[in-house]
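Engineer: Below: one structure in structure tokens.
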Amino acid sequence: MEEFVLEMKDITKDFPGVRALDNVSFKVRPGEIHALCGENGAGKSTLMKILSGVYPVGTYTGEIYINGELQSYNNIRESENAGIAIINQELSVIKQMTIGENIFLGNEPTNLGVVIDWGRLYSETKLWLKEVGLQVSPETKVGKLGVGQQQMIEIAKALSKKAKILILDEPTAALTESEVDTLFSILKNLQANGVTCIYISHKLGEVMEIADTVTILRDGQMITTLPIKETTENQIISMMVGRELSERFPRIEHSFGEVILEVEDYQAFAPENSERPILKNINFNVREGEILGIAGLMGAGRSELVMSIFGGLAGSHSGRIVIDGKPVKINSPEDAIKNGLSLITEDRKRYGLILKHDVKKNLTLANLPNLCNWGCINFNEEVKISQKFVDLLQIKTPTVETKVNNLSGGNQQKVVLGKWLMTKPKVLIMDEPTRGIDVGAKFEIYNIMNKLKQEGVAIIMVSSELPEILGMSDRILVMHNGTINGEFMHDEADQEKIMLAATGGK
Amino acid sequence: MNKIETPVIQREENFWRRLSFKIDIRAYTMVFALIGIWIIFTIFTGGKFLTPRNLSNLSRQMSITAVLAIGMVMVIVATHIDLSVGSVLGLTGGLAAILQVWYRVPTVWAILAALALGTILGIWHGYWVAYHNVPAFIVTLSGLMAYRGMLLGAAKGLTIAPMEPDFKIISSGYLNGIPGIVLTVVVIGAIIIGRFRSRATKIKYGFEVRSFTLELLITLFYCGLIALATYVLYQYEGIPYPVILVLFLTAVFSFITNNTKFGRQVYAMGGNVEAARLSGINVRRRTVMIFLLSGLLASIAGVITTARLNAATITAGQGAELDAVASCVIGGTSLLGGIGSIPGAILGALVMASLDNGMSMMNTEAFWQQIIKGFVLLFAVWVDFKTKKK
């Protein structure tokens, strides 16, 4: 009989009205990197929350065995004691504290049980930092580190608690390419030291690269577990969505119209230091019906560029912006909207949505002036137009009065999209339009982009996913270090050329 | 994007679910709590609590906190706080009294001066919060201290009295006889016309509406309540002026917060200020406006206070800011912003005033009153939190 470090047997978990997990069995061999794939809502997070004790024993049915022993956790601490650590997409480090304080939070080494032994704390921290390949002082404040390094701190914290099974939920969502490489080499290293890893990701390229085994969930059911060598990316996708996606990127060819937006000699300076330029020598244009992709590594200034053009960035800027042949001044998002720009920001929860308000209020937020007579909102028009966009974008929501918080990520993203389409933009800027949403919803968003393209809307798409950039853009700009370092038509571009330009090469 | 067929809105819930969907359950817990409090006091005072005379007093007592709470709701919804309203109340009420008693300024001008001062102080707060990013807590705490000092200085530590009869009447007057009945009838008529016109428009849009009978019953229920309240107040002297003022302000500001672009944008800012800003909302200007309104309302409360006491005292409005915050919170306003309603805050003010009034009638000692009010606040928020989670 095969040996498993972790066995979850016949797990069923019900939420009011929904069966989140239906008789799922999940087995992990010791020392492997086991990828868990599935669309949003497939039940990955629920399964992991059961494993890590967020949902205590009794709230689900089924059994969990670790090294053959039946487990029953009442809380997270008990699962930690059993050697399970989870590192969530949203990091839980405390930025104001030092690395050492973070790693030993709640576990501080003490003298006489009260006084913290700082010497021991920091010397042990040093050892753990070495383990994850970080060369920084243990007394550095975590807030000073990049996101990638903060994630390493979380891993180090997990290891310090003697974690044997490490769960990583979308660990690379906010990492640069090089940070991803570092993460992977650390995971390999941990694997060699006998740590088992459960790896949840939407990025199948990474799954193919790092994982040994993959388990696919769909609609709360376990579809299959396969060695990674016996499968392909497309096969995994079709098992996740339960259908063959003939094309992941439904590009359509379409002739472009006039130049609609022109940016000339654009510069912008950091808000906190007006001497330090964050964008320099930016020149580009975009035409009606064109999708302009902006690629680049994290920190290259892509989000800053679109945010600054949209008037949403503090700090001074200079240069010319011409829309529809007329030079315009944009000093606030209000100006930008008036001039026909829309910006779908990168982090929808932070910058895009009011989670505690309903779908209707979120959809109409940028378009209120057009729904008002004498400053008073016409509620009937509001419901009507909201319903129109819910239908148009196929937003899955019970009513337009449902709180956005209750929708899935993909549907939330569609609400943001709907909000901006309602303003009838000439230029739609999308910053990471498909981050953190499942394959099916991605495909729908691509189709909407195509439809807009046919209607003559110019789209600027910032994306960290190269396949998306290559698959959807008509033309691609590559940014490096605050400036544009390469421009390609889509048929002459490939991953290597873009990466070269993104890393500063010519 | 314009070629879409007419949307179909389908809701297949049954009658009761639809009804409960329309009812804000949390608001109604507070209504039940209020009824409970009233029943308890009625029992303990041998029925004296529910006499027309006492209910009339109660409604006048709540008016000052209620006016402050109206402004506070908007401030809290926008994630800020206004701790200065008690001192603004004192200072503006003091200004009105000083102008009238010492300089013989007619009532109208004294009141306008007080309101102007309240507005200016509100703009001052808003300016620091919006344009210099100083936390509202600090800006208005500074106001709380400073304006009390200004009042002390301006009034030379004295109680300034007496006011002219036409000033006093703002708090002590009653609308009775034919005019009061006309007002009640007009309000009831407006409610009936408003509700059925809104229903007709909804039908025109093809939206689902309540059945005619249900709509009629609900409308009759509200109108009946208003008629009953008028009847009870008429059993004593009539409708107190400050009550009319509070109801008027409640109606106006409920409309502003619910139905106007400004109101919606304030809620959006409170829900997520970054998302609001990036949706083209001028967050700074709205912030100044919110504090302006709060200052203005505090000065209205100041005028009522001076009228009620027939004097300006140097302690007028001390601690009133906390009563206002408590009313908002009891009425369901979230300190995290983005959620809250003005009728809720009025209900909260009524709860607080009922506790004060009832316990005074029972001759509860002052210290007990404070202790009990403190724990009621805690309990109310806990209940609110519990019911919200479900």
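The values are calculated or read from the model by the stated rules, or taken from the named source; none is laboratory data. What you are looking at is a predicted structure, and each value in this text was computed from that prediction instead of being measured. All Cβ positions, glycine included, derive from the backbone under ideal geometry; neighbour counts span all protein chains shown. Surface areas here come from the heavy atoms of the whole protein model, side chains and all, with no ligands, DNA or RNA. Shrake-Rupley method; radii C 1.70, N 1.55, O 1.52, S 1.80 Å.
Engineer: How shielded is A:358-367 by partner chains, expressed as the average number of their Cβ atoms within 10 Å of its Cβ atoms?
Structural biologist: Numbers: counts 0, 0, 0, 4, 5, 0, 2, 12, 7, 2.
Partner Cβ neighbours, averaged per residue: 3.
Engineer: A further question follows. Tell me which aspartates and glutamates have Cα within less than 17 Å of A:LYS9's Cα, excluding those fewer than 8 residues away on the same chain?
Structural biologist: Within the straight-line limit of under 17 Å, A:LYS9 reaches these aspartates and glutamates: A:ASP22, A:GLU63, A:GLU69.
Engineer: Return, for the Cα atoms of chain A, the radius of gyration and Dmax in Å, separated by a comma.
Structural biologist: That works out to 24.4, 76 Å for Rg and Dmax.
Engineer: Return the calculated 222 nm mean residue ellipticity for the protein assembly as shown, to the nearest 500 deg cm²/dmol, obtained by summing -39500 (n - 2.57) across DSSP H runs with n ≥ 4 and dividing by the residue count.
Structural biologist: Estimated from H runs of four or more residues: -16000 deg cm²/dmol.
Engineer: Consider just the alpha-carbon atoms of region B:251-377 and return their Rg together with their Dmax, both in angstrom.
Structural biologist: Answer for region B:251-377, Rg first and Dmax second: 17.3, 55 Å.
Engineer: Still on this structure: What's the buried accessible area, both sides, between B and A using a 1.4 Å probe, rounded to 100 Å²?
Structural biologist: 3400 Å²
Engineer: In a Debye calculation with equal point scatterers on the alpha-carbon sites of the protein assembly as shown and no solvent, what is log10 I(q)/I(0) at q = 0.08, 0.10, 0.11 Å⁻¹?
Structural biologist: Treating every Cα as an identical point scatterer, log10 I(q)/I(0) equals -0.91, -1.27, -1.39.
Engineer: Using bins 5 angstrom wide from zero, how does P(r) for region A:101-215 break down, in % of all Cα pairs?
Structural biologist: That works out to 2, 10, 22, 22, 19, 12, 7, 4, 2, 1, 0, in percent per bin.
Engineer: While we're on this one: For region A:198-264, what is the Kirkwood estimate of the hydrodynamic radius, computed as the reciprocal of the mean inverse distance between distinct Cα atoms, to one decimal in Å?
Structural biologist: On the way: mean 1/r = 0.0683 Å⁻¹.
It works out to 14.6 Å.
Engineer: Convert each backbone phi in region A:345-351 into a coupling constant with the Karplus relation 6.51 cos²θ - 1.76 cosθ + 1.60 (shift: θ = phi - 60°), then list the ³J(HN,Hα) values in order as whole Hz, x for Gly and Pro.
Structural biologist: Running phi through 6.51 cos²θ - 1.76 cosθ + 1.60 with θ = phi - 60° gives 6, 6, 10, 5, 6, 7, 10 Hz.
Engineer: Moving on to the next point. If the viscosity is 0.692 mPa s and the temperature 37 °C, what Stokes-Einstein diffusion coefficient in µm²/s follows for region A:48-144 when Rh is the Kirkwood radius over Cα pairs?
Structural biologist: For the chosen part, D equals 211 µm²/s.
Engineer: List the chymotrypsin sites (Phe, Trp or Tyr not before Pro) in region A:370-453 that DSSP assigns to loop (not H, G, I, E or B) and whose Cβ has at most 16 other Cβ atoms within 10 Å. Which are they?
Structural biologist: Sites meeting the loop and neighbour criteria: A:TRP374.
Engineer: Jot down the per residue volume, in cubic angstrom and as a whole number, of the convex hull over the alpha-carbon atoms of region B:116-174.
Structural biologist: Roughly 121 Å³ of hull volume per residue.
Engineer: Compare the peptides A:218-227, A:364-373 by average per-residue count of other Cβ atoms within 10 angstrom and give them in order, highest first.
Structural biologist: Details: A:218-227: 16.3, A:364-373: 19.3.
Result, highest mean first: A:364-373, A:218-227.
Engineer: Quote the charge dipole size of region A:389-445 about the Cα centre in Debye, to the nearest 20; the model charges only the Cβ of Lys and Arg (+1) and of Asp and Glu (-1).
Structural biologist: My answer is approximately 140 debye.
Engineer: Averaging sequence separations of C-alpha pairs under 8 Å and six or more residues apart, then dividing by the length of chain B, give the relative contact order as a whole percent.
Structural biologist: Dividing the mean separation by the residue count of chain B yields 35 percent.
Engineer: So which residue, out of B:VAL288, B:VAL88, B:VAL329, gets the largest mean-square fluctuation from a GNM of chain B using Cα contacts under 10 Å as springs?
Structural biologist: Highest fluctuation among the options: B:VAL288.
Engineer: Check which residues have an amide H placed less than 5 Å from A:ILE429's amide H, if you skip close sequence neighbours.
Structural biologist: Here A:SER342, A:LEU343, A:ILE344, A:ILE460 satisfy the definition.
Engineer: Name the GluC sites (Glu not before Pro) in region A:183-252 that are in a loop by DSSP and that have at most 15 other C-beta atoms within 10 Å, would you?
Structural biologist: Counting only loop positions with at most 15 other Cβ atoms within 10 Å, the GluC sites (Glu not before Pro) in region A:183-252 are A:GLU244, A:GLU247.
Engineer: Let me ask you something else. Please list, or write none, the lysines whose alpha carbon is within less than 19 Å of the alpha carbon of A:LYS396, excluding same-chain residues fewer than 8 places away.
Structural biologist: Within reach: A:LYS349, A:LYS356, A:LYS360, A:LYS361, A:LYS384, A:LYS388, A:LYS414, A:LYS419, A:LYS442.
Engineer: Using a simple spin-label model with points 7 Å from Cα along the Cα→Cβ vector, what separation in nm is obtained for A:ASP335 and A:ASP10?
Structural biologist: Taking the simple label geometry, A:ASP335 and A:ASP10 are separated by 6.7 nm.
Engineer: Report relative contact order for region A:1-118 in percent, whole number only (criteria: Cα-Cα under 8 Å, sequence separation at least 6).
Structural biologist: Numbers: 147 pairs, mean separation 26.2, N = 118.
This gives 22 percent for region A:1-118.
Engineer: Can you give me the long-range amide H partners of A:ILE167? Hydrogens built in the peptide plane at 1.01 Å from N, cutoff under 5 Å, separation of 5 or more residues or another chain.
Structural biologist: A:ALA85, A:ILE86, A:ILE87, A:ILE198
Engineer: Charges at C-beta only: +1 for Lys and Arg, -1 for Asp and Glu. How large is the resulting dipole of chain A about its Cα centre, in Debye rounded to 20?
Structural biologist: So the dipole magnitude of chain A works out to roughly 1060 debye.
Engineer: Related question: Please calculate the 1.4 Å probe accessible area of B:TYR241, with all protein chains present, and give it to the nearest 10 Å².
Structural biologist: Looks like 80 Å² after rounding.
Engineer: Cα to Cα, under 18 Å, and not fewer than 8 places away if on the same chain: which aspartates and glutamates meet these conditions relative to B:LYS48?
Structural biologist: Within the straight-line cut-off, B:LYS48 pairs with B:GLU237, B:ASP356.
Engineer: A further question on this structure: Given 37 °C and 0.692 mPa s, how large is the Stokes-Einstein diffusion coefficient of region B:118-240 in µm²/s, with Rh as the Kirkwood radius over Cα pairs?
Structural biologist: 166 µm²/s
Engineer: Please compute, over every Cα-Cα pair in region B:33-190, the percentage with a separation greater than 29 angstrom.
Structural biologist: More than 29 Å apart: 39 percent of the Cα pairs in region B:33-190.
Engineer: Step by step: find N for region A:55-98, compute 2.2 N^0.38 Å, then divide the Cα radius of gyration by it. What's the final number?
Structural biologist: 1.48
Engineer: Let me know the mean shielding of A:383-391 by other chains, meaning the per-residue number of their Cβ atoms within 10 Å of its Cβ.
Structural biologist: Counting other chains' Cβ atoms within 10 Å and averaging over A:383-391 gives 4.
Engineer: Let me ask something additional. Ratio to report: Rg/Rh of chain B, with Cα atoms as the point set and Rh obtained by the Kirkwood method; give two decimals. Could the numbers behind the result be given before it?
Structural biologist: Numbers: Rg = 22.1 Å, Rh = 22.4 Å.
Taking Rg over the Kirkwood Rh, I get 0.98.
Engineer: Given an 8 Å cut-off on Cα distances and at least 6 residues of separation, report the relative contact order of region A:372-506 as a percent.
Structural biologist: Normalised by residue count, the contact order of region A:372-506 is 15 percent.
Engineer: To the nearest 20 Debye, how big is the dipole of the protein assembly as shown about its Cα centre, given +1 on the beta carbon of each Lys and Arg and -1 on that of each Asp and Glu?
Structural biologist: It works out to roughly 3280 debye.
Engineer: While we're here: Plugging the Kirkwood radius over Cα pairs into Stokes-Einstein for region A:343-491, at a temperature of 25 °C and a viscosity of 0.890 mPa s, what D comes out in µm²/s? If you can, show how the numbers build up before the last one.
Structural biologist: Values: Rh = 16.2 Å.
For these conditions, the coefficient is 151 µm²/s.
Engineer: Give me, ordered by chain and number, the residues 5 or more places off A:SER463 or on other chains with an amide H under 5 Å from its own placed amide H.
Structural biologist: Counting only residues 5 or more places away or on other chains, the set is A:ILE294, A:GLU432.
Engineer: Thinking of region A:325-429 as a set of Cα atoms, what percent of all their pairs are more than 18 Å apart?
Structural biologist: 47 percent
Engineer: Out of every Cα pair in region A:149-284, what percent are spaced more than 21 Å from each other?
Structural biologist: Summing the P(r) of region A:149-284 above 21 Å gives 62 percent of all pairs.
Engineer: Just to confirm the filter: which GluC sites (Glu not before Pro) across region A:51-114 are DSSP coil and have at most 16 other Cβ within 10 angstrom of their Cβ?
Structural biologist: Answer by residue number: A:GLU90.
Engineer: Compare the peptides B:373-381, B:61-69 by average per-residue count of other Cβ atoms within 10 angstrom and give them in order, highest first. Intermediate results must be reported in sequence, preceding the final value.
Structural biologist: Values: B:373-381: 14.7, B:61-69: 28.7.
Taking the mean over residues of other Cβ atoms within 10 Å, the ranking is B:61-69, B:373-381.
Engineer: Out of A:LEU368, A:CYS197, A:ASN285, whose Cα points farthest toward the positive end of the dipole of the protein assembly as shown (charges: +1 Lys, Arg; -1 Asp, Glu; placed on Cβ)?
Structural biologist: In the protein assembly as shown, that residue is A:LEU368.
Engineer: Tell me, what HN-Hα J-couplings in whole Hz come from the Karplus equation 6.51 cos²θ - 1.76 cosθ + 1.60 at θ = phi - 60° for each residue of region B:222-237, using x for Gly and Pro?
Structural biologist: Listing the rounded values in order: 4, 5, x, 4, 5, 4, 4, 4, 4, 4, 4, 5, 5, 5, 9, 10 Hz.
Engineer: Residue by residue through region A:441-449, what is 3J(HN,Hα) from phi via Karplus (6.51 cos²θ - 1.76 cosθ + 1.60, θ = phi - 60°)? Round to whole Hz and write x for glycine and proline.
Structural biologist: Taking θ as phi minus 60°, the curve returns 5, 4, 4, 5, 5, 4, 5, 5, 4 Hz for region A:441-449.
Engineer: Continuing with this model, one more query. Can you classify region B:284-348 as rounded, prolate or oblate using the Cα gyration tensor, where a ≥ b ≥ c are the square roots of its eigenvalues, rounded means a/c under 1.5, and otherwise it's prolate if a/b beats b/c and oblate if not?
Structural biologist: The shape class here is oblate.
Engineer: Can you tell me the convex hull volume per residue for region A:392-442, based on C-alpha atoms, in Å³ to the nearest whole number?
Structural biologist: Details: hull volume 4.5 nm³, N = 51.
About 89 Å³ per residue, rounded to a whole number.
Engineer: How crowded by other chains is B:267-277, given as the mean number of beta carbons from other chains within 10 Å of each beta carbon?
Structural biologist: Per-residue shielding by partner chains comes out at 6.
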